[in-house]
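The values are calculated or read from the model by the stated rules, or taken from the named source; none is laboratory data. What you see is a predicted model; the values in this text were computed from it and never measured. Cβ sites come from the backbone with ideal geometry, for glycine too, and all protein chains shown count toward neighbours.
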Amino acid sequence: MMSEKLIALWDGSLAGSQKDYGTLHAKLYPKLFVYASKMLNDDDLVDDLLQDLFVKFWENREKIGAIKNIEAYFYRSTRSIVLNYIRLKKHRDSKLVLMPPAEHVFSTEDIIVSKESNSLTKELVLSALNSLPAKQREILNMRFYDELSYPQIATVLGIRYQSVINHVYRAVQSLRQVSELSAVYAA
């Protein structure tokens, strides 16, 4: 019943009704706010992100067109903007470069060996990660790259907390096996 009302409100919004869109906003915003707050723990930031999301939906409503499950669409979009924000913030934070002390001078050989070693390590890690099932890769990315907690991952993916733990455990076990094999081949 609620879904049908949301569809009617979205259809009215598609026709240009600001009143219908305002009602849709009023019905969905509180739930989306709680959902996003679990991932970010910053109410002001969540408010800004959600306001931007609703503005973009209004501006692009004709491109978006008809939606069968309004609530799921808005939740997915909220998840996406939150994860994009986290990735962007992490990327910006990683731009900080630490300079080596002035008294330490690296030789050309040190730099070449370091680059080769880093390149090989990256290749091994990427290969191991790519060998994992898609769900395990996604959960590892959320856990270690996006730094989401297990409960946050469970909420975002709509799965049980224990399932998240099981996926991480299996992924880590698989990665350990790959690293043990690569250590044997490297020796």
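Restricting attention to the range 36-55, the residues that are more than 18 Å from the chain's Cα centre (by Cα) and under 23 Å from residue 145 (Cβ atoms) total 0. If you check 3, 37 for being free of Cβ contacts under 8 Å to residues at least 60 places away in the same chain, surrounded by 12 or more Cβ atoms within 10 Å (Cβ to Cβ) and assigned to a helix (DSSP H, G or I), only one passes: 37. Number of residues in the range 40-61 that are part of a loop (DSSP other than H, G, I, E, B) and closer than 19 Å to residue 15 by Cβ: the value is 1.
Would you pick out the residues in the range 40-61 that are among the aromatic types (Phe, Trp, Tyr) and buried (at least 17 other Cβ atoms within 10 Å of the Cβ)? Show your work before the answer.
Restricting attention to the range 40-61, the residues satisfying the condition of being among the aromatic types (Phe, Trp, Tyr) are 54, 57-58.
Once the filter is applied, which keeps residues that are among the aromatic types (Phe, Trp, Tyr) and buried (at least 17 other Cβ atoms within 10 Å of the Cβ), the range 40-61 yields 54, 57.
For the range 29-47, the criterion of being more than 21 Å from residue 155 (Cβ to Cβ) and outside the structural domain of residue 152 (by TED's automatic domain parsing) is satisfied by no residue at all. May I ask you to verify whether residue 17 is modelled with pLDDT of 90 or more and among the polar types (S, T, N, Q)? Criteria met by residue 17.
Scanning for something of a type in the set (Ser, Thr, Tyr), surrounded by 15 or more Cβ atoms within 10 Å (Cβ to Cβ) and closer than 20 Å to residue 35 by Cα, does the range 153-161 turn up at least one residue? Yes: the range 153-161 contains one or more residues that are of a type in the set (Ser, Thr, Tyr), surrounded by 15 or more Cβ atoms within 10 Å (Cβ to Cβ) and closer than 20 Å to residue 35 by Cα. On the given criteria, is residue 64 surrounded by 12 or more Cβ atoms within 10 Å (Cβ to Cβ), more than 25 Å from residue 150 (Cβ to Cβ) and at pLDDT below 90? Answer is yes for this residue.
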